[in-house]
Every structure is written in C-alpha cells, then in structure tokens.
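Worksheet: the structure to be examined is printed underneath.
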Number of protein chains: 2
Amino acid sequence: MSFTLHPRLAADTVFVADWTLSRVLLTNDARYPWLILVPRVADASELFDLARQERATLIEETSRAARGLKDLAAAAKINIGALGNLVPQLHVHVVARRDGDAAWPGPVWGHGAAVPYEPGARDAVLDKIRAGL
Amino acid sequence: MSFTLHPRLAADTVFVADWTLSRVLLTNDARYPWLILVPRVADASELFDLARQERATLIEETSRAARGLKDLAAAAKINIGALGNLVPQLHVHVVARRDGDAAWPGPVWGHGAAVPYEPGARDAVLDKIRAGL
C-alpha cells in the first residue's frame with residue numbers, strides 16, 4: 001500500500017512542503033496559524049504504528065514546525081495534537097496560539113467553523129511559512 | 001534549576017511512575033483513561049526546549065503509554081496533546097477515547113468538569129496501569 005492523503009485532510013488544507021517523513025499542510029482556517037504534519041506512511045493511525053526511527057523523525061519535524069510557527073506568528077504557545085477521532089490517518093496538528101484568539105485558552109479542535117483564508121492572504125501566509133520553517 | 005512538578009498538574013493527577021525522561025501521571029478524571037507525561041527537565045515549555053535526544057525519548061515514552069493504554073482500555077483511538085495554554089510546563093496528554101465517551105468525538109480538553117475517581121476505583125486503575133504499561 002502506498003501513502004494517500006485522507007480526503008478530509010486534502011479538503012481542509014493546502015500543501016506546504018514534503019519533508020523527510022511528513023507532508024506539511026496549512027489548515028485553511030484564518031483564525032489560527034495552523035500546520036498539519038502527515039507522515040507519508042501507509043495505514044498509520046497511532047504513534048506506535050510507526051517504526052522507532054520514523055517516530056524520531058516525526059518529533060524532530062514537529063519541533064521544527066513548532067519553532068518556525070512560534071517565531072513567525074509571535075505566538076504565546078504552540079499547541080500540538082494528534083487526535084484522529086474523525087480522521088484516522090495519523091496526523092499531527094501544530095497550532096500557534098495567542099491570548100485572545102478565537103478559542104483561547106481552550107483547544108482549537110471542535111471550536112466553531114473554520115474561517116477560510118482569502119486567496120491573497122492565504123498565498124501570503126504560505127510564502128511566509130515556506131520561507132520561515 | 002531542578003525539575004518541580006507544576007502545582008496544577010500535581011493537584012489534578014496521581015503519580016504512576018518515573019520513566020527514563022518523564023514522570024507519568026494519571027489524571028483524576030474517571031470519564032477517560034488519561035495519562036500525562038511530564039519530562040523531568042526544568043523550564044521546558046515547548047518541544048524545542050528539549051534536546052534532540054530528549055525528544056526522541058519523549059516520543060518513545062508517549063508511544064509506550066499510548067500502546068499500553070489502548071490495550072488496557074480497549075480504546076477506539078488514542079488522543080495525544082501538548083497544549084500548555086493554562087499550564088506552561090511541557091506535558092503530554094495521552095487519552096484513551098471510546099465512541100460514546102463524554103466528549104466523543106471532540107477533544108477532552110476544556111470539556112466540562114473532571115469526575116474524580118472513587119478512591120477504590122482509582123487504586124484499581126492505577127494497579128492495572130502500572131502492570132500494563
């Protein structure tokens with residue numbers, strides 16, 4: 001089996017880059033700077049479905065995304081989550097949080113409907129993220 | 001600076017074990033089998049505050065907790081999160097989720113008040129977790 005991005009992740013995000021292990025996506029929600037890392041491994045749902053070396057790479061890539069996003073967004077805190085209750089394909093959320101954002105201090109997941117980027121704003125964010133990560 | 005557990009984490013959990021890197025805690029909330037791993041590293045808040053080797057250990061310990069909890073709880077999905085909006089000390093939630101649990105399919109964080117274990121039930125859960133992780 002080869003890796004295929006889950007259709008819901010494909011629908012809710014735009015492509016940023018392919019890193020060594022993970023496909024990096026930007027969630028199409030202008031409320032928060034929000035990346036999703038999806039290991040390009042078929043049929044992985046839980047962390048323990050990965051090989052040990054893949055896990056080591058995943059946490060390095062997660063840390064890289066977190067550091068880049070924190071600097072770019074001047075965030076108070078980075079939130080990291082791997083839930084998968086709705087989309088079983090293993091994916092790691094990396095979200096820049098600010099005091100006063102739409103869900104602060106609660107979690108972003110399940111908090112209201114996404115506010116899609118205007119196309120121009122989205123492209124500007126993508127450029128900034130591709131340059132800064 | 002030496003490691004000290006944040007008082008809110010201390011208040012909301014009971015001690016399970018000290019692993020190589022992390023203190024393992026059971027959240028005192030009978031609604032979900034819910035562990036928290038706290039790297040015993042002073043002043044760590046974000047993943048990138050850890051050394052690379054510490055991150056590799058953290059994801060192995062997280063995976064170990066996830067696998068153990070999934071088996072013990074016959075969970076549909078393990079949810080993993082490192083938020084820190086309220087408690088800045090780096091800590092990783094590992095939560096066993098079941099279809100129909102109190103927050104399903106949403107996140108557990110911020111979802112209503114904790115339901116503390118009865119002391120006897122808590123000790124039974126602790127015994128099971130200590131034996132099964």
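The values are calculated or read from the model by the stated rules, or taken from the named source; none is laboratory data. This one's a predicted model, so the numbers in the text were calculated from it and none came from an experiment. Don't worry about glycine lacking a Cβ; one is built from the backbone with ideal geometry, like all the others, and counts go over all protein chains shown. Surface accessibility is based on the protein's heavy atoms, side chains included, excluding ligands, DNA and RNA. Shrake-Rupley method; radii C 1.70, N 1.55, O 1.52, S 1.80 Å.
Data table
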{"read-out": "Residue list for region B:26-39, restricted to those being away from chain A (no Cβ under 14 Å) and more than 26 Å from A:K70 (Cβ to Cβ)", "value": "B:L26, B:T27, B:N28, B:D29, B:A30, B:R31, B:P33"}
{"read-out": "Index of the failed condition, A:W104 passing every other in (1) open to solvent by 10 Å² or more (accessible area, probe 1.4 Å); (2) touching a residue at least 40 places away in the same chain (Cβ under 8 Å)", "value": "(2)"}
{"read-out": "Residues that are within 9 Å of chain B (Cβ to nearest Cβ) and either open to solvent by 20 Å² or more (accessible area, probe 1.4 Å) or among the acidic types (D, E) (or both), drawn from region A:58-74", "value": "A:E60, A:R64, A:R67, A:K70"}
{"read-out": "Lone unmet requirement of (1) open to solvent by 30 Å² or more (accessible area, probe 1.4 Å); (2) closer than 26 Å to B:A76 by Cα for A:I36", "value": "(1)"}
{"read-out": "Residue match in region A:117-125 (condition: of a type in the set (G, A, S), more than 13 Å from chain B (Cβ to nearest Cβ), within 13 Å of A:R31 (Cβ to Cβ) and surrounded by fewer than 20 Cβ atoms within 10 Å (Cβ to Cβ))", "value": "yes"}
{"read-out": "For A:P116: the one exception among (1) closer than 27 Å to B:I78 by Cβ; (2) at pLDDT 95 or above; (3) out of contact with any strand residue (DSSP E or B) (no Cβ under 7 Å at 6 or more places or on another chain)", "value": "(1)"}
{"read-out": "Lone unmet requirement of (1) more than 10 Å from chain A (Cβ to nearest Cβ); (2) surrounded by 14 or more Cβ atoms within 10 Å (Cβ to Cβ); (3) under 18 Å from A:D49 (Cβ atoms) for B:I129", "value": "(3)"}
{"read-out": "Verdict on A:A42 being open to solvent by 70 Å² or more (accessible area, probe 1.4 Å) and away from chain B (no Cβ under 14 Å)", "value": "no"}
{"read-out": "Any hit, region A:7-14, residues being open to solvent by less than 60 Å² (accessible area, probe 1.4 Å), in contact (Cβ under 8 Å) with a residue 40 or more places away in the chain and hydroxyl-bearing (S, T, Y)", "value": "no"}
{"read-out": "Selection count where residues are in contact (Cβ under 8 Å) with a residue 24 or more places away in the chain, surrounded by fewer than 16 Cβ atoms within 10 Å (Cβ to Cβ) and farther than 12 Å from B:E46 by Cα, scope region B:75-99", "value": "2"}
{"read-out": "Given (1) touching a helix residue (DSSP H, G or I) at 6+ places or on another chain (Cβ under 7 Å); (2) more than 8 Å from every other protein chain (Cβ to nearest Cβ); (3) closer than 22 Å to A:H91 by Cα, index of the condition B:V108 fails", "value": "(1)"}
